[in-house]
């Protein structure tokens, strides 16, 4: 399976715009950006992403809650999820990985390598 379609869930509009440009214009992915977990849950099945990039700290439904709800959708159970967060203490990273994420990207991120980072995590997850 190839990585072509990325769903990005981020409540901060500036970060969402930069990440979308990085993922679509620089990395060449088809990107669906959502401003929160609820919007992601409404749109994820129709988009059918190859990977989901999730912000951790969001109002209403945070990244972990969103991941739990996404995993309940059978067609997405195997879809890899990467968290993005400014708070990346080792214990927090372990919580995200234990919850099912394949990786954690620290904010601020480098837009020029974001796509490559996701490709590396995706390939690593494919190999098991």
For this session: Among the residues of region 74-91, write down those that are within 16 Å of the chain's Cα centre (by Cα) and either in a helix (DSSP H, G or I) or loosely packed, with under 14 Cβ neighbours inside 10 Å (or both).
Result: 76, 77, 78, 86, 87
Exercise. If you scan region 90-128, which residues turn out to be free of Cβ contacts under 8 Å to residues at least 24 places away in the same chain, out of contact with any strand residue (DSSP E or B) (no Cβ under 8 Å at 6 or more places or on another chain) and under 21 Å from residue 11 (Cα atoms)?
Worked result: 108, 110
Seminar exercise, completed: Flagged in region 108-128 as assigned to a loop (DSSP other than H, G, I, E, B) and within 15 Å of residue 23 (Cβ to Cβ), in numbering order, are 109, 110, 111, 112, 113
Seminar exercise, completed: A careful count of residues in region 1-35 that are buried (at least 18 other Cβ atoms within 10 Å of the Cβ) and either at positive phi or free of Cβ contacts under 8 Å to residues at least 12 places away in the same chain (or both) gives 0
Exercise. Name the residues in region 36-56 that are in contact with a helix residue (DSSP H, G or I) (Cβ under 7 Å, 6 or more places away or on another chain) and more than 14 Å from residue 6 (Cβ to Cβ), would you?
Worked result: 37, 41, 45, 56
Problem set entry | Condition met for residue 67 (in contact with a strand residue (DSSP E or B) (Cβ under 8 Å, 6 or more places away or on another chain), surrounded by 13 or more Cβ atoms within 10 Å (Cβ to Cβ), over 17 Å from residue 4 (Cα atoms) and at pLDDT 95 or above) | yes
Seminar exercise, completed: Taking region 1-33 and keeping residues touching a helix residue (DSSP H, G or I) at 6+ places or on another chain (Cβ under 8 Å) and assigned to a loop (DSSP other than H, G, I, E, B) leaves 1, 3, 10, 27, 28, 29
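The values are calculated or read from the model by the stated rules, or taken from the named source; none is laboratory data. Everything numeric in this text was worked out from a predicted model, so none of it was measured. Counting neighbours? That spans all protein chains shown, and the Cβs are built from the backbone with ideal geometry, glycine included.
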